[in-house]
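A.B. asks: For reference, the structure I am asking about is given below.
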Amino acid sequence: MVSNSLYSEYLTAKQNGNKKFVVLIDPDKVRLGKIQKVLELSVEAGVDYFFIGGSLVVNDMLDYVLKSMKENCHIPMILFPGNSFQLSYKADALLFLSLISGRNADLLIGKHVITAPFLKMSPLEIISTGYMLIDGGIMTSVQYMSNTNPIPANKDDIALCTAMAGEMLGLKLIYMDAGSGAKNPISESMINTVSSAINIPLIVGGGISTPEKAAANARAGADIIVVGNAIEKDPQLIIEISKAIHEQSTTKKSVSHQ
Ligand code: 1GP
């Protein structure tokens, strides 16, 4: 059981200016042959964490994928659930997401009430997370499935106030996401505005496909950067993106899971 250990790591990393790189694994999209390659490259590149999840998981692969990952590396696995069914005790932690950019009560508190007793009994570290969907230029699965409007891409002030409210409500992380496969990733200006106003770690993802953009996001104030789609297409990108993100750390020392 890991209790609060991953969240403590995030906080320490933020305080020390260490930038973290997360590879997102969608259990539905993972081809069994390809996951091995992704794991090898992730270990080689010093990937900090895996997020596992998707807006809609239609295959019953979650436990199997987590088991194979655990057998092959020690990088912590954090569930990033698109719905209440994406739970597995084989992971290390779970992002307990409240969709604070939307006004769908079910995703703000409803599903949480239903899943809370199960999570209370689970060995997972539960990390409360204010999830903010930002318009990424196309209708993403999360936008459609959540039936919410994303925050417009140029409304830095709305993102700022939403993140501040999330922190004041006691959420432990803010995750700004343009959605998987977004056409336009979140602007550096919005990342900078939000990160300057909150003290909790800021996760940024959605549509990041180059080492340059990943590095620019880290410089703009993102503490943790998530990449999924681009890596599914070209796993070799893991090496370059990891290097680009970690080079933005102001101190080079960080916890290693390899
Ligand atoms: C999506 O932030 C993640 O929730 C990652 O997005 O798949 O576009 O990298 P991509």
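A.B. asks: Which whole-Hz couplings ³J(HN,Hα) result when phi for each residue of the range 80-90 is put into the Karplus expression 6.51 cos²θ - 1.76 cosθ + 1.60, θ = phi - 60°, listed in order with x for Gly and Pro?
C.D. replies: Rounded to whole hertz, the list is 10, x, x, 7, 5, 7, 8, 10, 7, 6, 6.
A.B. asks: Hey, any idea what the orientation-averaged projected area of the convex hull of the chain's Cα atoms comes to, in nm²? Walk me through the intermediate numbers first.
C.D. replies: Working: hull surface 47.4 nm².
Answer in nm², one decimal: 11.9.
A.B. asks: Further question on the same structure: Apply the Karplus parameterisation 6.51 cos²θ - 1.76 cosθ + 1.60, with θ equal to phi minus 60°, to every residue of the range 116-125 and state each ³J(HN,Hα) to the nearest whole Hz, in sequence, with x for glycine and proline.
C.D. replies: Per-residue couplings from phi come out as 3, x, 5, 5, 4, 7, 7, x, 6, 6 Hz.
A.B. asks: While we're looking at this one, here's another question. If you average the sequence gap of Cα pairs under 8 Å that are 6 or more apart and divide by the length of the range 5-250, what percent do you get for the contact order? All intermediate terms of the calculation are to be shown ahead of the outcome.
C.D. replies: Details: 494 pairs, mean separation 52.5, N = 246.
Relative contact order of the range 5-250: 21 percent.
A.B. asks: Highest mean first, what order results for 178-184, 109-115, 234-240 on Cβ atoms within 10 Å? All intermediate terms of the calculation are to be shown ahead of the outcome.
C.D. replies: Details: 178-184: 20.9, 109-115: 13.6, 234-240: 17.1.
Peptide ranking by packing, descending: 178-184, 234-240, 109-115.
A.B. asks: Determine the distance separating the Cα centre of the range 186-216 from the Cα centre of the range 128-179; give it in Å without decimals.
C.D. replies: 12
A.B. asks: Using unit Cβ charges (K, R positive; D, E negative) and no other charged atoms, how large, in debye to the nearest 20, is the dipole of the range 5-250 about its Cα centre?
C.D. replies: Details: 20 positive and 24 negative charges, 39 e Å.
I would put it at about 180 debye.
A.B. asks: I've got another one for you. Would you list Ser195, Ser42, Ser249, Ser55 from fewest to most Cβ contacts within 10 Å? If you can, show how the numbers build up before the last one.
C.D. replies: Numbers: Ser195 22, Ser42 27, Ser249 16, Ser55 19.
Least to most surrounded, the residues fall as Ser249, Ser55, Ser195, Ser42.
A.B. asks: Also, quick follow-up: Fewest Cβ neighbours within 10 Å first, please rank Thr129, Thr251, Thr210 accordingly.
C.D. replies: Going from sparsest to densest Cβ surroundings: Thr251, Thr210, Thr129.
A.B. asks: Using label points projected 7 Å from each Cα along Cα→Cβ, tell me how many nm separate Met139 and Asn72, to one decimal.
C.D. replies: Modelled inter-label distance: 3.5 nm.
A.B. asks: Hey, another quick one. How many percent of Cα pairs in the range 9-90 exceed 23 Å? Mind dumping the intermediate values first?
C.D. replies: Values: 747 of 3321 pairs.
So the pairs more than 23 Å apart make up 22 percent of the total in the range 9-90.
A.B. asks: Taking the alpha-carbon set of the range 148-201, what are its Rg and Dmax in Å?
C.D. replies: Over the range 148-201's Cα set, Rg and Dmax evaluate to 11.0, 32 Å.
A.B. asks: Also, I was wondering about something else. Apply the Karplus parameterisation 6.51 cos²θ - 1.76 cosθ + 1.60, with θ equal to phi minus 60°, to every residue of the range 97-105 and state each ³J(HN,Hα) to the nearest whole Hz, in sequence, with x for glycine and proline.
C.D. replies: 8, 10, 7, 6, 7, x, 10, 9, 4
A.B. asks: Would you calculate a helix-derived [θ] at 222 nm for the chain, using -39,500 (n - 2.57) for each DSSP H run of n ≥ 4 and dividing by the full residue count, to the nearest 500?
C.D. replies: Only helices count here, giving -11500 deg cm²/dmol.
Read the figures in this text as sums done on the coordinates, not as results from a lab. Not measured: the values here are computed from a predicted model. Please note: Cβ atoms are built from the backbone with ideal geometry, for glycine as well, and neighbour counts cover all protein chains shown.
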